[in-house]
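Visitor: Sending over a structure as structure tokens; questions will come in a sec.
The values are calculated or read from the model by the stated rules, or taken from the named source; none is laboratory data. Bear in mind the structure is a predicted one, so any value in this text is a computation, not a measurement. Methodologically, a virtual Cβ is constructed for each residue, glycine included, from the backbone with ideal geometry; neighbour enumeration extends over all protein chains shown.
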Amino acid sequence: MDADAKDAELARRAQLGDRNAFGTLYQRYARVVHGILLARLPFAVVEDQSQEVFITAFHRLRGLRDPAAFGGWLCAIARTRAKEFYRGVVIEEELKEEFGATCVNSSAESSEALSALRSLPETYRETLMLRLVEGLTGPEIAARTGMTHGSVRVNLHRGMELLRRALRKELHS
Amino acid sequence: MNDYLWDRTGRDAEVEQIENLLAPYRHIDQQLEFREPPLSPAKWASRRYYFASATAAVLIIVAVISWHTTSSKQRITATAIIGAPRIDEVPMASASLDVGSRIETGFLDRVRIQVGDMGWVQVEPDSILRLIENRPERRRFRLEHGEILARISAPPAAFIVETPVARAIDLGCTYHLRFSQSGEGAIEVTEGWVEVDRGFEQTLVPAGASANFRPRGISPSYMQKTSPEFRDAMLEWWDSPNPSLRSTALARLLSSATKQDAYTLLNMLHRSPPEDRAGIYDRLNQLVPAPREVSRAAVLAGEARAEDAWWTVVERELGLGNIKKKGPLQLNPYWPQ
């Protein structure tokens, strides 16, 4: 069934118009897309942009030649979406929401931790966002994004070291 | 071996604590909303009604696109890249700016401002920037303190950033502008040219060059790749009120100057006291010989426009002539306000 089906099979069925298959892919990748966007965009717009990424992916799915590459392809759409946001393609919609307004449970410490994480170089920031915010394990990050286990492991450990330094710096200041 | 960071095996109190802090930002499961539901055929039973509606819809879309295109070319919008900047005292993710709008960033905040169709300005941490003029032909900001990165493509003097002691007039360029609360500032240009002026004092800064400014004036522009010896001596010559220190600094800078510093020496020449001019002239003449029409006697006498022809030669020799500079400049057209 869907729960056991491989991503490639789900992507192939979704290409034929099976929305349930795409729904399963959405459940599997929602945290990945959310993490990639959160590494680049204000929190207040991440949920909306995440939905847009999946809708874009659904409409472009027929153009995906290798269904086994769905994960990396979707991540690329999410990164492009974040870039477009800053190119003014999306900001013209004039977001009215106050920063952080939807994050009712966040504290000042949470906000500082997110700021410290966002201050890291992009490579480490994205991998750590998926691990520390979205709760994916290293092997899951590798499987979903198409990175090798070695790359993910290096990003996690080097990124964590930089994050410790950034948090210490915030603590001192 | 247990590695909690990698696969959640074992324990790591520090990582768990950070996870808990970041938990409020985690994705919350929700249904994907397909916002383009299939059309109901029943609604479109009448072909005439369909074409009338379609025509009206097309006209509305054209009108909306036309309005949106025009207004978006003029609109100035600010969007937080990172952190929680304050726009008009309120933490915001994104906002349209009006004249008087004030953007304040904390030590971890960054804001990107889209300046209509001119380009964009990035406000760096610990900065305060205000929009003080917004007309299609000119956008003017005031940097109270902090740092901005501006990337602008507009006619000369259409984009201006003021600071309390000097202002940067864009000539189609990319630059960093810093101004500290103690009243010191600097500009680093990476593309095009920027004119920095203060009262009737003016310095043109090309790509690859910088200039400093203080309440007492603007430094000659200097190449970012110049030697530290030359740069430090030149800034001491410019900044020191002590004549003997200035004289020593002048000797140091002349001995360490290379061809790339010719533009700085030419900048110094027309603003130096009479006693310094001969040394500057002779060193510059060694590095980039003066054209025939530039008379040493006229330059040393401080005659107006005596060294004009030398600018073209120096710019050509240093490759500065290839940097795009738009249109003729007018001295101080808008200062003081």
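Let's see how each residue does on (1) in contact with an Asp or Glu (Cβ under 6 Å, 6 or more places away or on another chain); (2) under 22 Å from A:T123 (Cα atoms); (3) not in a helix (DSSP H, G or I):
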residue	(1), (2), (3)
A:A8	no, no, no
A:T24	yes, no, no
A:Y29	no, yes, no
A:V32	no, yes, no
A:L37	no, yes, no
A:S50	no, yes, no
A:R62	no, no, no
A:R65	no, no, yes
A:L74	no, yes, no
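Visitor: Name the pairs whose Cβ atoms lie under 8 Å apart, with the first residue in the stretch B:6-22 and within 8 Å of chain A (Cβ to nearest Cβ), the second part of a loop (DSSP other than H, G, I, E, B) and surrounded by fewer than 17 Cβ atoms within 10 Å (Cβ to Cβ), and 6 or more positions between them or separate chains?
Guide: Within 8 Å, the pairs are B:E19/A:G135; B:L21/A:S107.
Visitor: Under the condition of being polar (S, T, N, Q) and surrounded by 14 or more Cβ atoms within 10 Å (Cβ to Cβ), which residue from the stretch B:231-247 is farthest from B:S210 (Cα to Cα)?
Guide: Once the filter is applied, the top-ranked residue is B:S247.
Visitor: Can you confirm whether the stretch B:130-138 contains a residue that is among the aliphatic types (A, V, I, L, M), in contact with a Gly (Cβ under 6 Å, 6 or more places away or on another chain) and either over 30 Å from B:E315 (Cα atoms) or at pLDDT below 90 (or both)?
Guide: no
Visitor: B:Q122 fails exactly one of the following numbered conditions: (1) surrounded by 22 or more Cβ atoms within 10 Å (Cβ to Cβ); (2) free of Cβ contacts under 8 Å to residues at least 60 places away in the same chain; (3) not basic (K, R). What is the number of that condition?
Guide: Among (1) surrounded by 22 or more Cβ atoms within 10 Å (Cβ to Cβ); (2) free of Cβ contacts under 8 Å to residues at least 60 places away in the same chain; (3) not basic (K, R), B:Q122 violates only (1).
Visitor: Quick one: which residue in A:R19, A:R13, A:R40 is in contact with a helix residue (DSSP H, G or I) (Cβ under 6 Å, 6 or more places away or on another chain) and either surrounded by fewer than 21 Cβ atoms within 10 Å (Cβ to Cβ) or without any contact (Cβ under 8 Å) to a residue 12 or more places away in the chain (or both)?
Guide: The unique qualifying residue is A:R13.
Visitor: For the stretch B:271-322, what are the residues that are under 16 Å from B:A251 (Cα atoms), surrounded by 15 or more Cβ atoms within 10 Å (Cβ to Cβ) and among the acidic types (D, E)?
Guide: Once the filter is applied, which keeps residues that are under 16 Å from B:A251 (Cα atoms), surrounded by 15 or more Cβ atoms within 10 Å (Cβ to Cβ) and among the acidic types (D, E), the stretch B:271-322 yields only B:D276.
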